[in-house]
Amino acid sequence: MTTASAVEAVFRIESARIIAGVARMVRDVGIAEEIAQDALVAALEQWPESGVPDRPGAWLTAVARRRAVDLVRRKENYARKLAEVGRSLEDARPPAEPADPEDIDDDLLRLIFTACHPVLSTDARITLTLRLLGGLTTEEIARAFLTAEPTVAQRIVRAKRSLARAGVPFEVPYGPDRAARLDSVLEVIYLIFNEGYAATAGDDWLRPGLCEDALRLSRVLAGLMPDEPEVHGLAALLEIQASRIAARTGPDGAPVLLADQNRTRWNRLLIRRGFTALARAAAPGGRPGPYALQAAIAACHAQAVRYEDTDWRTIATLYGQLAALAPSPVVELNRAVAVSMADGPEAGLALVDALASEPALKEYHLLPSVRGDLLARLGRVPEAREEFERAAALTRNERERDLLLARAALLDG
């Protein structure tokens, strides 16, 4: 490995902790990221001559903190800034290695809640989280979401400015605000995973890199907030879903439906991790949250050795509980699929037809896709073909479009 490659690898691993530690000092994530980048430049300049330090993460942290101290001292409002970060800062010397790991963990948690603050749009929260916590470059984020690189760069800059303008404190929320803020954090990680698990657009059905980033973030969050059941619920859901990734596409990258997947390719380690997290998500005496319920549904699939062994009745019941807790037309559509498997396609079709007028599903390609499948099972071939073709016209993912058109053509055969 070249020195430059070593610097890049270390920075990818340590950047979130460095930014979090510096942000606690300067109270601005934008400035903190710039200082972390300065430390990276210093490493690129010095390590080729001096060699990679024994503790490269500690080296980068020390340089970043030293520059943060210098920055605060240069400010015209030095006295006020000094009071905010503690009078001990005046004579502080950056440590040779990171501070107490518990302090680092607290800083990471603060950074997560700041990057996912509800003052930002959903797109901005996702982008900033991948940038600050995922360590992804602007180019990597743009490529992952099929977005122009300047658009991503502008989104990051605006997000930082929005946080600064709103005066968002660099802290972990407590009290009534905590639940709402935590919901935002969980949603961001969930959306990142879903975009990797079933890409909304483009030529690829899967983007495993995004799944890996979301999975890592969910594990970090579970470690930082061990007493939050829904944090473990999300971790369980992502672990179990991620276990299927290797079986979700064929050799040519084409999607493989759940019924056709080779279950021996499902990752048993991830399934076990998911089951462990699901057990921790069970709040004593409390009702399971939306992510825990979705994880329980995923667990039902994971427990079935064959598709034919799936406990669809339990899955339908769980979807009913999820619909009562977090009402959504998409949840109802999924419940209709489970009901059709438990009670027959006619029962499922009745539920699907009841969703036809839902505005949220007007352009949702999975509605005609599900309806086409149910009609095919009922032998109503011309109607089924029409639904698959309509679904193909609505999706923006090329792989999924090919699959839907193939299903329509198969009906002719």
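Expressed as a whole number of Å, what is the distance separating the alpha-carbon centroids of the stretch 327-344 and the stretch 1-66? Rounded to whole Å, the Cα centres lie 49 Å apart. Cα extents for the chain along the principal axes, largest to smallest and rounded to whole angstrom: 79, 49, 38.
State the dimensionless ratio Rg/Rh of the stretch 1-59 (Rg: radius of gyration of Cα atoms; Rh: Kirkwood radius). Result for the stretch 1-59 is an Rg/Rh of 0.99. Distance from the C-alpha centroid of the stretch 383-411 to that of the stretch 260-301: 31 Å, rounded to the whole angstrom. Applying both filters, DSSP loop and at most 16 other Cβ atoms within 10 Å, to the trypsin sites (Lys or Arg not before Pro) of the stretch 240-325 gives ARG306.
None of the figures in this text is laboratory data; all of them are computed from the coordinates on show. These numbers were taken from a predicted model, which means no experiment stands behind them. Positions of Cβ are backbone-derived with ideal geometry, glycine not excepted, and every protein chain shown enters the neighbour counts.
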